[in-house]
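A quick write-up on the structure given underneath.
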Amino acid sequence: MFLPNRNALHGNPLDAADAETLGIGGADTVERFLAHRDNHAMTPLHALPALARESGVGAIHVKDEGFRLGLGSFKALGGAYAVFRLVLEEAAKRLGRPVDVEDLDLPDVRSVAAKMTFACATDGNHGRSVAQGAELAGARAVIFVHAGVSDERISAIARYGAEMVRVDGNYDDSVRQAAQVAAEKGWTVVSDTSWPGYERIPGLVMQGYTAIVREALRQLIEPPTHVFVQAGVGGIAAAVAGHLAIVLGDARPTFIVVEPARAACIVAAAEAGHVVKVAHGQPTVMAMLECYEASRVAWRVLARAADAFMTVDEDDAVAVMRRLARPSCGDPLIVAGESGGVGLAGLIRAVAENRTDLGLDGKSRVLVINTEGATDPHRYAELVGMSPADVLAGRLAAEATP
């Protein structure tokens, strides 16, 4: 499915609160926090010249979040950042003095953090970020996972000391249970989706993602003309689209949101003109994007800043994983998880079916984001036919060849 944005708000400036969250000042704060992370490094931007020629576009660049902060996903930027912000705000209130990121390891700040519990629901990646942030700050984390989350992903979260809670049903069911239990116990929910009365913390999570856009714009020689970003509840797509709209203004790129056809809650919101819950049918291989109701904050941004919405099928996602693991004509090897290459899958489909609609031609400069590496290595090997370690070994060998 392909759907141009026909919302009456399309092209309008962001709401003042969203502009503040996703604007330059917010991105500055994120960078300042990242500078205090021991393992922070700018993630690579890969050019795919062979695929660009094959697709009939001028350039394709992939921002590779597969190794972000040791978590293997862009989500490393969101949940942990929100946890740090919330710990520091609580510490400032309780200690009666200003507290900033460089104070996170002070004994009195850690004493405050030790009394805080952070809860969230996750498909895997967001929960790892919240758990890691809580561990680093000295707080407690309780992570709710639904029936479709693999044991490997659960173990990856639990290693950060989080308590794990299994929930029957899908992601949206786990969101509801996390909110209910947290309310009963006085915990703080750090969700990457929003609902009426709960917007600020998902906004902080989205603010963390602006680091990706800022880095990419520094790494590119020229800004992109087109950006394809995948969506679950819509947080990463809204963060990228919103920041680009603020920073580039009238020169912003054409922005396309890409979703699994089996879990297209953003497309459903675009069709209805407001957030709706879509029916839960067959699960999608794109596990990190299997969400059935859009974040209200994310939709508010995308209604204004996205130019089109589209879906891809199961085979599209797997084909991109394999293409990136076995590239042709000198393109770099990239490990992309089941949801990581979905933006690129959208581009490939759009080139075949919607080239004219989107103005894609030989001068187009396309940016996509590999949102995750092999966060479930066993599943990756099943789908690609190679282990992520073997793919990376091939990349290291290629890079070492003069």
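Taking the chain as a Gaussian network, where each spring joins two C-alpha atoms under 10 Å apart, which residue of 147, 263, 345 fluctuates the most? Looking only at 147, 263, 345, the largest GNM fluctuation is found for 147. A Förster radius of 51 Å combined with the Cβ-Cβ distance from residue 54 to residue 185 puts the calculated FRET efficiency at roughly 0.40. Length available on full extension from residue 279 to residue 361: 0.36 nm per residue minus the Cα-Cα distance, which gives 25.9 nm.
Taking each DSSP H run with n ≥ 4 as -39500 (n - 2.57) and averaging over every residue of the chain yields -14000 deg cm²/dmol at 222 nm. Spacing of the modelled spin labels on residue 389 and residue 6, each 7 Å from Cα toward Cβ, amounts to 5.3 nm. Residues in the range 214-226 carry Karplus couplings, in order, of 4, 4, 4, 5, 6, 7, 7, 6, 10, x, x, 8, 9 Hz; the curve used is 6.51 cos²θ - 1.76 cosθ + 1.60 with θ = phi - 60°, and Gly or Pro positions show x. Shown here: the range 322-402, whose C-alpha atoms stretch 39, 33, 18 Å along the first, second and third principal axes, sorted largest to smallest. Largest GNM mean-square fluctuation among 121, 269, 251, using the chain with Cα springs under 10 Å: 251.
Out of 264, 111, 237, whose Cα points farthest toward the positive end of the dipole of the chain (charges: +1 Lys, Arg; -1 Asp, Glu; placed on Cβ)? My answer, from the dipole projection, is 111. Measuring between their Cα centroids, the range 271-324 and the range 63-85 lie 20 Å from each other.
Could you check how much of the accessible area of the range 280-395 is carbon and sulfur, as a whole percent, using a 1.4 Å probe?
Working: 2000 of 3920 Å².
Carbon and sulfur: 51 percent of the exposed surface of the range 280-395.
Multiplying each eigenvalue of the alpha-carbon gyration tensor of the range 140-224 by 5 and taking the square root yields semi-axes of 29, 18, 12 Å, largest first, rounded to whole angstroms. Close amide H contacts of residue 147 (hydrogens built in the peptide plane, cut-off under 5 Å, sequence separation of 5 or more or a different chain): 167, 169.
Go ahead and run the numbers for FRET between residue 200 and residue 41, Cβ-Cβ distance against an R0 of 22 Å, rounding to 0.05. Walk me through the numbers before you get to the answer.
Values: r = 29 Å, r/R0 = 1.31.
Given R0 = 22 Å and the Cβ-Cβ separation, E is 0.15.
Under a 10 Å cutoff between Cα atoms, tell me which one of 39, 354, 170 has the largest fluctuation in the Gaussian network model of the chain. Judging by the Gaussian network model, the answer is 39.
What FRET efficiency do you get for residue 15 and residue 217 if R0 is 25 Å and r is their Cβ-Cβ distance, rounded to the nearest 0.05? Could you put the intermediate results ahead of the total?
On the way: r = 23 Å, r/R0 = 0.92.
Efficiency computed from Cβ-Cβ geometry: 0.65.
Between 0 and 90 degrees, rounded to the nearest ten: what's the tilt of helix 296-305 against the longest Cα principal axis of the chain? Once rounded, the angle reads 30 degrees.
Contour minus end-to-end for residue 108 and residue 378, with contour as 0.36 nm per residue of separation and end-to-end as the Cα-Cα distance?
93.0 nm
What pairs in 93/277; 185/277; 63/115; 93/185 have C-alpha atoms more than 32 Å from each other? Walk me through the numbers before you get to the answer.
Numbers: 93/277 38 Å; 185/277 28 Å; 63/115 38 Å; 93/185 21 Å.
The pairs that break the limit, which is 32 Å between Cα atoms, are 93/277; 63/115.
Computed from phi, the 3J(HN,Hα) profile of the range 359-371 under the Karplus parametrisation 6.51, -1.76, 1.60 (θ = phi - 60°) reads x, 7, 8, x, 9, 6, 10, 9, 10, 10, 10, 7, 6 Hz, with x in place of Gly and Pro.
Using the heavy atoms of the protein chains and a 1.4 angstrom probe, tell me the accessible area per residue for the range 144-276 in square angstrom. If you can, show how the numbers build up before the last one.
Working: 4740 Å² over 133 residues.
Result: 36 Å² per residue.
Within the range 69-146, list the trypsin sites (Lys or Arg not before Pro) lying in a DSSP loop whose Cβ has at most 12 other Cβ atoms in a 10 Å radius. List each step's numbers first, then the result.
Working: sites: 75, 85, 93, 94, 110, 115, 128, 140; in loops: 115.
Sparse-neighbourhood loop trypsin sites (Lys or Arg not before Pro): 115.
The values are calculated or read from the model by the stated rules, or taken from the named source; none is laboratory data. Not measured: the values here are computed from a predicted model. FYI the Cβ positions are ideal-geometry reconstructions off the backbone, even for glycines, and counts take in every protein chain you see. Surface areas here come from the heavy atoms of the whole protein model, side chains and all, with no ligands, DNA or RNA. Shrake-Rupley method; radii C 1.70, N 1.55, O 1.52, S 1.80 Å.
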